[in-house]
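The values are calculated or read from the model by the stated rules, or taken from the named source; none is laboratory data. In this text, all values refer to a predicted model and were calculated from it rather than measured experimentally. Cβ atoms come from the backbone with ideal geometry, glycine included; neighbour counts cover every protein chain shown. The protein model used for the area step is the full one, side chains on, heavy atoms only, and it has no ligands, DNA or RNA in it. Shrake-Rupley method; radii C 1.70, N 1.55, O 1.52, S 1.80 Å.
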Amino acid sequence: MKLKTTAEHLVSLLAAHGVEYLFLNPGTDTAPVQEAVYSLAEAGQPAPKVLLSTFESVSLAAAHAYWKMTGRPQAIFVHVDAGTQNLGAQVHNVLRDRAGVIVIAGKTPYGQEADASGGRNAPIQWQQDVPDQPGIIRGYAKWIQEITRPEMLDRAIGRAVQVAASSPAGMAYLTVSRDVLMDPPRLDHSRVAGFPVSVPPAPAPDAVARIAAALAAAEAPVLVTSRAGRTAEGFAAVEALADLAGLPVTGRLEGGPVNISSRHPSNVAGRAEGAAAVSAADVILVVESDVPWLPAMVTLRDGVQVFHVDPDPAKASMPLWSYPVDVAVQADGPAALAAIVAELGRLAESEPTVAQRLADRSARLRERTQAPAERADSGPLTPFGVMAALSEVIDAEDIVIEEAVTNAEAVYKGLERTRQGTLTGPAAPGLGWALGGSLGVKLARPDRRVIAITGDGSFLFGVPTSALMMAAEWGTPFLAVILNNGGYRASRLPVYGLFPDGVSAQRRTAVGTRFTRAPDYPALAAACHAHGERVEKAEDLVPALRRALAAVDAGQAAVVECVVEQD
Ligand SMILES: Cc1ncc(C[n+]2csc(CCOP(=O)(O)OP(=O)(O)O)c2C)c(N)n1
Ligand SMILES: [Mg+2]
């Protein structure tokens, strides 16, 4: 097939770069792309699969989650400035979680003459002409480019994939106008090769040696990591270091993946316990963590040594980041941990005193046992009770997404997750990720069950009508477990915290935080082709979860509303 338009060329190039999905919310700007998808299909040419998105932030979360599962950036096409605005808070999560995604936005046409192919022919095309469309996401995108000429297309798409996926990964944002999309393609510019994804450097050997020596000599070391467990290599290295060095593993302040089995004696899931471990430490190894501890909760020991390993240890995107670090190492966290484990192993082999010290620490640590959360058989539901029930009914390989906000700690402490990749989340606080994220995880892992645990507020931020509809459209069912505590607990507690004797604390409520007219969640689910359950009593939870999981296994999304205490 001889390609006729730059839009056909664009779609072909995306496929040539391995982009499997194009999440599309169409507008007047996308007509050439829509036609290209069909014309390429007609000719049997490769093209990404197009999935209809009915809300942009939901599909951005899906692309973000797909990246987390596969390390392959996908593309989402949004409608000019308005569609870019609807990406909303999910651009924040993409930035903070270093997700490789490609966002292509239409740009209002330049031409307006009667013969201008793709030129302006509707009033909106003047209204969409805003002074700085990329400015909407400028603080969040890693790289921005406007495609103004057909001959730049191959370089623009190649660079977009390259920049998005290169560590630290991020958002590549392209704009392209309808008239450029209608232009004849420059097929003499179709280079696909030569855009390698760069990998972060391996850790410098002398840095590894210093860290291993410090861990070998330490009296009370701690590993703080938010995301080392994102890869199989990282998860294995965390566990190996925990076993060898006998150190506690903490660092769930940002959410994110399971870094060590919830049953492992080194696992420190709670905030207070994590702060205590950091306060007690004489050597702190921070690996890929943006918020290793809360200074307000931690008093560091005099003479503590802090090592920081990260693909971007300077954290240039965070204006005020001033953790006291002695040695900053720019490296991939999982690779660095594996190297540290190997070096520490060598030290232990060659120095019996080191081997003895590590063995003593490990033995002490193994005395800690991780008690699973208890499930009450009857009475009111509690977040811990919900976790215990979920631990009972889900499989070890099911993938859980956490957006539980003030109940996140119940998830980390109470939900049994023993395997790599079976707990994830946006690792950032732009609420509304869990539902779109579930769609993306299910797309990437169709053989796995996907379960989102969300606050009631977070569920609503996730645009549930769109997300549940998209689950049905895309064939990507998931279970959403809502922890319904009557609204925004996270926005109420700080009012009490700042004004302990204030009027809000006395009234035990704060304005703008309680839902008195929440939706009927099961009815909302039913309206969107999903199975719905509402549970108020502990004894009803396991059967309701089992019914919901059966619906999911049969291909239908499901929502289980768990009514938990309001305080
Ligand atoms: C997009 C977005 N808007 C607002 C906030 C501020 N915020 C943080 S937590 C929270 C409440 C979340 O409510 P819910 O999910 O029900 O969890 P709960 O606080 O009840 O545990 C809000 C509004 C945010 N983080 N992200
Ligand atoms: Mg809530």
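At most 16 other Cβ atoms within 10 Å and a DSSP loop assignment: could you name the trypsin sites (Lys or Arg not before Pro) in the stretch 1-99 that fit? List each step's numbers first, then the result.
On the way: sites: Lys2, Lys4, Lys49, Lys68, Arg96, Arg98; in loops: Lys2, Lys4, Arg98.
Passing both the DSSP loop test and the Cβ count: Lys2, Lys4.
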Hey, rough spin-label estimate for Asp312 and Lys537, points 7 angstrom out along Cα→Cβ, what's it come to in nanometres? 5.2
Calculate the radius of gyration of the Cα atoms of the stretch 446-567 to one decimal place, then report Dmax, the largest Cα-Cα distance, as a whole number, both in Å. 16.4, 53
What aspartates and glutamates sit close enough to Lys442 to cross-link, taking a C-alpha to C-alpha distance under 17 Å and skipping anything fewer than 8 places away on the same chain? Glu20, Asp395, Glu397, Asp398, Glu402, Glu403, Glu473, Asp553
For the chain, longest principal axis from Cα atoms; helix 352-366 axis from its Cα atoms; angle between them, nearest 10 degrees, is 80
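Taking the square root of 5 times each eigenvalue of the Cα gyration tensor, what semi-axes in Å does the equivalent ellipsoid of the stretch 2-55 have, largest first?
Numbers: eigenvalues 58, 35, 17 Å².
For the stretch 2-55, the semi-axes come out at 17, 13, 9 Å.
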If you average the C-alpha positions of the stretch 452-496 and of the stretch 98-154 separately, how far apart do those two centres end up, in angstrom? 32
Using the Karplus curve 6.51 cos²θ - 1.76 cosθ + 1.60 with θ = phi - 60°, what ³J(HN,Hα) values do you get for each residue of the stretch 278-283, in whole Hz, with x for Gly and Pro? 5, 5, 7, 7, 9, 9
Name the residue from Pro334, Gly251, Ala314 whose Cα lies farthest towards the positive end of the charge dipole of the stretch 229-366, charges +1 on Cβ of Lys and Arg and -1 on Cβ of Asp and Glu. Gly251
Determine the order of Thr148, Thr369 by accessible area, beginning with the largest, at a probe radius of 1.4 Å. Thr369, Thr148
Extreme residue, positive dipole direction of the chain, given options Val103, Pro48, Pro73 (C-beta unit charges): Val103
With +1 on each Lys and Arg Cβ and -1 on each Asp and Glu Cβ, how big is the dipole of the stretch 380-483 about its Cα centre, in debye rounded to the nearest 20? 160
Which whole number in µm²/s is D for the stretch 262-334 by Stokes-Einstein, with the Kirkwood Rh taken over Cα pairs at 37 °C and 0.692 mPa s? 249
Roughly how many percent of the accessible protein surface of the stretch 382-482 is carbon and sulfur, given a 1.4 Å probe and a whole-percent answer? 51
3J(HN,Hα) from dihedral phi, the stretch 210-220, Karplus parametrisation 6.51/-1.76/1.60, rounded to Hz, x for glycine, proline: 5, 5, 4, 4, 5, 5, 5, 8, 5, 8, 9
Please list the non-local residues whose amide H lies under 5 Å from the amide H of Leu51, H modeled 1.01 Å from N, same-chain partners needing a gap of 5 or more. Leu22, Phe23, Leu24
Label-point separation in nm, Arg138 to Val192, each point 7 Å along Cα→Cβ: 3.6
On a 0 to 90 degree scale, rounded to 10, what angle separates helix 6-16 from the longest Cα axis of the chain? 30
Three principal axis extents, largest first, for the C-alpha atoms of the chain, in Å? 81, 58, 47
Report the rotationally averaged projected area of the stretch 316-399 based on its alpha-carbon convex hull, in square nanometres. 11.1
May I ask you to evaluate 6.51 cos²θ - 1.76 cosθ + 1.60, the Karplus curve with θ = phi - 60°, for each residue of the stretch 80-92 and list the ³J(HN,Hα) values in order in whole Hz, giving x for glycine and proline? 5, 5, 5, x, 5, 4, 6, 5, x, 5, 5, 5, 4
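With charges set only on the Cβ (+1 for Lys and Arg, -1 for Asp and Glu), what does the dipole of the chain come to about its Cα centre, in debye to the nearest 20? List each step's numbers first, then the result.
Values: 49 positive and 61 negative charges, 31 e Å.
About 140 debye.
Kindly give Rg over Rh for the stretch 1-120, based on alpha-carbon atoms, with the Kirkwood expression for the hydrodynamic radius.
Working: Rg = 14.8 Å, Rh = 14.9 Å.
Reported Rg/Rh (Cα atoms, Kirkwood Rh): 0.99.
Mean residue ellipticity at 222 nm from the helices of the chain, using -39,500 (n - 2.57) per DSSP H segment of n ≥ 4 over the full residue count, to the nearest 500 deg cm²/dmol?
Numbers: 22 runs with 223 residues, N = 567.
That calculation yields -11500 deg cm²/dmol at 222 nm.
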The set of residues whose placed amide H lies less than 5 Å from the amide H of Val78, leaving out same-chain residues fewer than 5 positions away, is Ile104, Ala105, Gly106
For the pairs Lys49/Lys107; Lys68/Lys107; Lys4/Lys68; Lys2/Lys142; Lys4/Lys142; Lys315/Lys413, note any where the Cα-Cα span goes beyond 27 Å. Lys68/Lys107; Lys4/Lys68; Lys2/Lys142; Lys4/Lys142; Lys315/Lys413
Which whole-number percent gives the relative contact order of the chain, counting Cα pairs below 8 Å spaced six or more residues apart? 13
Using the Cα centre of the stretch 345-389 as origin and beta-carbon charges of +1 (Lys, Arg) and -1 (Asp, Glu), tell me which of Ser378, Thr353, Ala389 is placed farthest towards the positive end of the dipole. Thr353
Probe radius 1.4 Å, ligands and nucleic acids ignored: give me the carbon and sulfur share of the accessible area of the stretch 43-179 as a rounded percent. 51
The stretch 371-428 - charge dipole about Cα centre, Lys and Arg +1 at Cβ, Asp and Glu -1, debye rounded to 20: 140
Sequence-distant or interchain residues sharing an amide H contact under 5 Å with Val329, placed H: which? His308, Val309, Asp310
Take the Cα coordinates of the stretch 191-334, assign each an equal point scatterer, and use the Debye formula without solvent to give log10 I(q)/I(0) at q = 0.19, 0.20 Å⁻¹. -1.16, -1.30
